[in-house]
1. Which one of 241, 230, 221 is basic (Lys, Arg) and under 20 Å from residue 324 (Cβ atoms)?
2. Need at least 1 residues that are touching a strand residue (DSSP E or B) at 6+ places or on another chain (Cβ under 6 Å), buried (at least 19 other Cβ atoms within 10 Å of the Cβ) and hydroxyl-bearing (Ser, Thr, Tyr) per element, so show me which helices (runs of 4 or more DSSP H) inside region 257-329 make the cut, counting only ones lying wholly within it.
3. Out of curiosity, is residue 220 part of a loop (DSSP other than H, G, I, E, B), farther than 20 Å from residue 303 by Cβ and either among the aliphatic types (A, V, I, L, M) or in contact with a Phe, Trp or Tyr (Cβ under 7 Å, 6 or more places away or on another chain) (or both)?
4. If I filter region 25-68 down to residues being in a helix (DSSP H, G or I) and free of Cβ contacts under 8 Å to residues at least 12 places away in the same chain, which single residue comes out as surrounded by the fewest Cβ atoms within 10 Å (Cβ to Cβ)?
5. Taking residue 72 and the conditions (1) free of Cβ contacts under 8 Å to residues at least 60 places away in the same chain; (2) surrounded by fewer than 20 Cβ atoms within 10 Å (Cβ to Cβ), which numbered condition does it fall short on, given that it satisfies the others?
6. Select, from 8, 70, 78, 37, the only residue that is under 16 Å from residue 204 (Cβ atoms), among the basic types (Lys, Arg) and over 15 Å from the mean Cα position of the chain (by Cα).
7. Does at least one position in region 81-91 carry a residue that is assigned to a helix (DSSP H, G or I) and buried (at least 22 other Cβ atoms within 10 Å of the Cβ)?
8. Cβ-Cβ distance below 8 Å, separation of 6 or more or different chains: which pairs start in region 296-319 with a residue that is touching a residue at least 24 places away in the same chain (Cβ under 8 Å) and end on one that is among the acidic types (Asp, Glu) and surrounded by fewer than 17 Cβ atoms within 10 Å (Cβ to Cβ)?
Amino acid sequence: MAQNTQTRAIAGMPVFPIGLGCMGLSHGYGPAADPGRAEALLLGALDLGVTLFDTAALYGFGHNEELVGRVLSPHRSRFVLASKCGLFRGPDGKRQIDGRPETLRRTCEDSLRRLRTDVIDLYYLHRWDKTVPIEDSVGALADLARAGKIRHIGLSEVSAATLRRAHAVHPVAAVQNEYSLWSRNVEIAVLQACRELGTALVAFSPLGRAFLADGLPSLARLSDTDLRLRMPRFQPEAFERNQRLLDLLRERARALDCTPAQLALAWLLHQGPDVIPIPGTTDPAHLRENLAAAGLALDDGLCAELAAHFQHDRVAGDRYGPATLTEIDTEQFPGA
């Protein structure tokens, strides 16, 4: 296979084309990973060349940042560290969106302590708190950058309009939105806005939360605490309909002698050198599989075929339930 492993960049910081989303080690898909297994996964990723590690204050309510800090802080010079603020635990013990400047400053100090570092390379506003002007929240992040607490500012789950408003206050180095073959909302406007502003697009859930990896044959295997059980695409009727989308992905992967996961990641990389997927995993074999996708070159015809096959109106169910959709700020396809 032709190699496509040149580094990409976020605000001039070179990174391997595929990063590691660390959330699943602590949060979202059932019980946290065994500490020894999680440590081996993180160190293995570093040794395999991963240079972008993504965490957040929310993940495990601080547990994930503590894990990343404990394991990777001795190797701090070898990677770009990304974390997030503005979404954490409220007074009632549940997740809460809070973008007030004083909250962001406090959260940053707590994250620096948990991550065992003096500076976070890329610090995202995890969600825009719609009760706070985006200019105020980004202004607080800009203050943190001037104070040397963070190097660059990012936003997550935002629209093109919000990105432009934020960028007018301080350059936005990266937008982290969901992007995969079956989640294409960024193609409406955000991806173009990122390119106009020189902002990287960091793609979370690039494998459709394991669906595109052909790694979820049965919903019965999911833990009761798995967030996918609350998502419309993973409700039984929609899940059964969506399974039919995988046939073409499997066929084209077999023809290329790769896995469906590798083909899905290679498709994302083909969308432009400013797109950086951050798949997560707890399995070292899956980690190696994912990273090998950086060496898979695709032709334009195949990419167009896959894009057409996974058009948004062929995917059953939205990516979030109604309550969560009200929290985010991304563009929606007509009728969604």
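The values are calculated or read from the model by the stated rules, or taken from the named source; none is laboratory data. Everything numeric in this text was worked out from a predicted model, so none of it was measured. Note that each Cβ is placed from the backbone with ideal geometry, even for glycine, and that neighbours are counted across all protein chains shown.
1. 230
2. Numbers: elements: 260-270, 284-292, 300-309, 322-325.
Counting at least 1 such residues, we get no helices (runs of 4 or more DSSP H) at all.
3. When the stated conditions are applied, residue 220 does not pass them.
4. Step one: filter region 25-68 for residues in a helix (DSSP H, G or I), giving 25, 35-47, 63-68.
Within this subset, residues satisfying the condition of being free of Cβ contacts under 8 Å to residues at least 12 places away in the same chain are 36, 47.
Values: 36: 8, 47: 10.
Filtering region 25-68 for residues that are in a helix (DSSP H, G or I) and free of Cβ contacts under 8 Å to residues at least 12 places away in the same chain, the one surrounded by the fewest Cβ atoms within 10 Å (Cβ to Cβ) comes out as 36.
5. (2) is the only condition that residue 72 fails.
6. Numbers: 70 fails: under 16 Å from residue 204 (Cβ atoms); 78 fails: under 16 Å from residue 204 (Cβ atoms); 37 fails: under 16 Å from residue 204 (Cβ atoms).
One residue alone meets the criteria, 8.
7. No: region 81-91 contains no residue that is assigned to a helix (DSSP H, G or I) and buried (at least 22 other Cβ atoms within 10 Å of the Cβ).
8. 316/237
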